[in-house]
Structure formats: structure tokens, C-alpha cells
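The values are calculated or read from the model by the stated rules, or taken from the named source; none is laboratory data. Since this is a predicted model, take the numbers as computed values, not measurements. Because the Cβ atoms are built from the backbone with ideal geometry, glycine has one as well, and the counts that use them run over all protein chains shown.
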Amino acid sequence: MATAKFRFDFENLEAYQKAFRWNREVFRRSLKFRRLLQSSVGDQLRRAALSILTNIAEGSGQDSKAQKKRYYKYSYNSARECVPILALACSLEAITEKEHQGFRQELVGVIQMIAKLIKGVDKPKAKNAKNGNGKPNNGKKSQTKENAQN
């Protein structure tokens, strides 16, 4: 895969990166489903999986917190939609139990990361820590009475 010089903000999100890797594996595996399941279970799984990625990307570009949160929730719900589809694929022997558990475990991680994105929307943006004299702290402890005594 060619690496572009310019990166969109969502490409730096861990949730997006993990969801991208998970999608790649889901696509690779589901495209090997037998023909009878290809246009039903396989297609629905790929659509739901792809929706995880596209909604993270679309949400990150929203100006309002409400819109951003809405798209992240769409992504979260699309990830949850994959759970019963994977279970069905396993019960129909389109994937093995081991594959099912692997996909499910990775998906739980994706869902947890998206949940953090949703919660993070309402958090105020961190400002540079000041060291008491109005200058950026640069990660150093500020000199307070307590620090000076230690």
C-alpha cells in the first residue's frame, strides 16, 4: 500500500487504525465465504465493518460536538452489528470457531476505542500546562511550595 504524504486527522486515531486492520482481515476472510453466503452474510458483514471506518472518518470532520458524537455512535453501533453476523457465519461454518473468537476479540477492542472517542467528545480540550509564570510547563513539574520542600 502506498503511503501518502498528507494524512487526514482521522488516520491518526488509534480507533480508526485498529478498525482499519480489523476490516482488512474481515474483507479478506469473508470474500472466501462459499457462494451461497457471499451475497447475504458476507455482504452484510462487509457493509457493517466498512461503516465502522467511514463513520469514524466522517465524525472526526464534524464541527459540532453533537454531530461528531452522532457519527461515532453510528460507528459504535455498526461494530455491534458485526457481532451477530460473525456468530451466524460461525454457525453456518463459513468461519471456524477459532476465527470467530479472534474476530470477536479484536472487535471488542475496536468497540472499546470507539466508546472512548464518544466519551472524549465532551471533554474540554487540554490547554498547555502553565508553570505559574505564564510560560508553558513543557512536562516539567511546577515549582510549588510542596515541590520546593521535597
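L86 fulfils the conditions (1) in contact with a His (Cβ under 8 Å, 6 or more places away or on another chain); (2) in contact (Cβ under 8 Å) with a residue 24 or more places away in the chain; (3) surrounded by fewer than 20 Cβ atoms within 10 Å (Cβ to Cβ) except for a single criterion, (3).
Anything in the range 35-63 that is in contact with a helix residue (DSSP H, G or I) (Cβ under 9 Å, 6 or more places away or on another chain) and either more than 19 Å from I114 (Cα to Cα) or not in a helix (DSSP H, G or I) (or both)? List them, or say none.
Passing the criteria: L37, Q38, V41, G42, D43, Q44, G61, Q62.
Of all residues in the range 99-140, those satisfying the criterion of being modelled with pLDDT under 70 and surrounded by 11 or more Cβ atoms within 10 Å (Cβ to Cβ) are A129, K130, N131, P136, N137.
Yes or no, residue by residue, for (1) touching a strand residue (DSSP E or B) at 6+ places or on another chain (Cβ under 6 Å); (2) touching a residue at least 40 places away in the same chain (Cβ under 8 Å); (3) closer than 17 Å to Q17 by Cβ; (4) aromatic (F, W, Y):
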site	(1), (2), (3), (4)
A57	no, yes, yes, no
A66	no, no, no, no
Y72	no, yes, yes, yes
S75	no, yes, yes, no
R80	no, no, no, no
S91	no, no, no, no
A94	no, yes, no, no
K98	no, no, no, no
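Residues in the range 64-76 that are surrounded by fewer than 16 Cβ atoms within 10 Å (Cβ to Cβ), part of a helix (DSSP H, G or I) and among the polar types (S, T, N, Q): Q67 alone. Each residue in the range 1-23 was checked for being outside any loop (DSSP other than H, G, I, E, B), of a type outside the set (D, E) and surrounded by 13 or more Cβ atoms within 10 Å (Cβ to Cβ), and 9 pass.
Okay, residues lined up against (1) in contact with a Ser or Thr (Cβ under 8 Å, 6 or more places away or on another chain); (2) of a type in the set (A, V, I, L, M):
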residue: E11; (1), (2): no, no
residue: Q17; (1), (2): no, no
residue: R35; (1), (2): no, no
residue: S40; (1), (2): no, no
residue: A48; (1), (2): yes, yes
residue: S51; (1), (2): yes, no
residue: I56; (1), (2): yes, yes
residue: A115; (1), (2): no, yes
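Residues in the range 41-55 that are surrounded by 15 or more Cβ atoms within 10 Å (Cβ to Cβ) and either in contact (Cβ under 8 Å) with a residue 24 or more places away in the chain or more than 14 Å from Y76 (Cα to Cα) (or both): V41, G42, Q44, L45, R46, A48, A49, L50, S51, I52, L53. A search for C-beta distances below 7 Å between a residue of the range 17-33 that is of a type in the set (F, W, Y) and any residue that is assigned to a helix (DSSP H, G or I) and at pLDDT 95 or above, counting only pairs 6+ apart in sequence or on different chains, returns F20/L53; W22/E106; W22/L107; W22/V110; F27/R46; F33/V41; F33/G42.
With respect to (1) at pLDDT below 95; (2) crowded, with 18+ Cβ neighbours inside 10 Å; (3) of a type in the set (S, T, N, Q), the lone exception for Q38 is condition (2).
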